[in-house]
Amino acid sequence: MSALIECNNLVKIYKTAELEAVALQGLDLEVAEGELIAIVGASGSGKSTLLNILGGVDVPSAGDARVDGSDLLKLSARERVHYRRRVVGFVWQQTARNLLPYLSASENVELPMSLDGRPRRAVRQRATELLEQVGLGDRLGHRPAQLSGGEQQRVAIAIALANEPRVLLADEPTGELDSDTATEIVELLRTVNADHGVTIVVVTHDPLIADHVNRTVAIRDGRTSSEVLRRTEFDGIGGSQLVAEEFAVLDRVGRLQLPHDYMEALDLRQRVRLTLDPDHINVWPDRDDGEDDR
Ligand code: ADP
Ligand code: MG
């Protein structure tokens, strides 16, 4: 089995004249075809960097990143254009960045298809269908300025889907919306995921979004640190309940990141003792903390 999105030990270093910023430091991530996942993490943890890499906007410094068979470290300029036009669709946080202000909603959706050389009539028809699917069948001729923020993000989703991408990437798509509108956009992403089968990765620091997806991956300091999986459990007598379980992410060589609050609770520093039991591993504080060998 191979995942649709696969990142191994992904590194991204931004170099400027004065300094280097390590935005990703050995990030691992796998996303299966058809999944809808959320990526969460503090500001500056590397979420946008990851999304820009997956979107073919930015090139990794080292490691592996593959999407639908494309090796994102090795794409030629021409392959990159094709990748960005066909394989991925992108929705940005800033509603204005997604749309051209002087074009109507339907012209905005038509544009990527026209650039892709599709016949005019098919383009018009598909734009109308897509806008109907995102609930804007009665706004085809409106310009962005005549649409609300939520409506603009709906158009942005229609644009991102125009060329039937395998992957839809959304970087804080609800960041500028009130919480009711944000919930509607998340529900729309869920519908799009179910109806189009498109794999969706959505970056958010909105817990509302995270609650609406089956898998949430947390990034800390440029690495995936933990995941929350949600599933519905049925009790057999007609009831059901949503169960959320948190996991630490284990990388290929066995590294894992302990949750910060666990480390603080037991005052874990530098070293821990590990012991293996038949079905689990114990982690103990190293109580004499190296006083004698310093
Ligand atoms: P997030 O989206 O989680 O807030 P980012 O991916 O935007 O985080 O940023 C991760 C780190 O990389 C930050 O320390 C940020 O300052 C740095 N960074 C991001 N983009 C650039 C850039 N173009 N040039 C230099 N540093 C950058
Ligand atoms: Mg960001």
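Values in this text are rule-based calculations from the coordinates and carry no lab data. Here the structure is a predicted model, which means the values were calculated and not measured. FYI the Cβ positions are ideal-geometry reconstructions off the backbone, even for glycines, and counts take in every protein chain you see.
Quick one: Cα convex hull volume of the chain, Å³ per residue?
Cα convex hull per residue, to the nearest whole number: 200 Å³.
Given Cα pairs under 8 Å that are at least 6 residues apart, what percent is the relative contact order of segment 226-291?
In percent, rounded to a whole number, it is 20.
Show me the ranking of peptides 148-156, 207-215 by mean Cβ neighbours inside 10 Å, starting with the highest.
Put in order of decreasing packing, that is 148-156, 207-215.
Quick check: the angle from helix 179-196's long axis to the longest principal axis of the chain, C-alpha only, nearest 10 degrees?
Relative to the chain, helix 179-196 is tipped by roughly 80 degrees.
Does segment 71-208 come out rounded, prolate or oblate by the C-alpha gyration tensor, with a ≥ b ≥ c the root eigenvalues, rounded set by a/c under 1.5 and, if not, prolate when a/b is larger than b/c and oblate if not?
oblate
Any chance you could check the Cα centroid distance between segment 1-41 and segment 67-103 for me, in angstrom?
16
Determine which aspartates and glutamates satisfy two conditions relative to Lys12: a Cα distance under 17 Å, and not lying fewer than 8 residues away in the same chain.
Glu20, Asp28, Asp58, Asp64, Asp71, Asp221
Gap in Å between the Cα centre of segment 148-217 and the Cα centre of segment 244-267?
Taking the Cα centre of each part, segment 244-267 and segment 148-217 sit 28 Å apart.
Report, in debye and to the nearest 20, how large the dipole of the chain comes out about its Cα centre when Lys and Arg carry +1 and Asp and Glu carry -1 on their Cβ.
Computed about the Cα centre, the dipole is about 1700 debye.
Just to be sure I understand the curve: with the Debye formula and one point per C-alpha of segment 218-294, what is log10 I(q)/I(0) at q = 0.18, 0.21, 0.23 Å⁻¹?
Debye output, listed in q order: -0.94, -1.09, -1.17.
Select from Ile13, Ile159, Ile37 the residue whose mean-square fluctuation is largest in a Gaussian network model of the chain (Cα-Cα springs shorter than 10 Å).
Top of the fluctuation ranking is Ile13.
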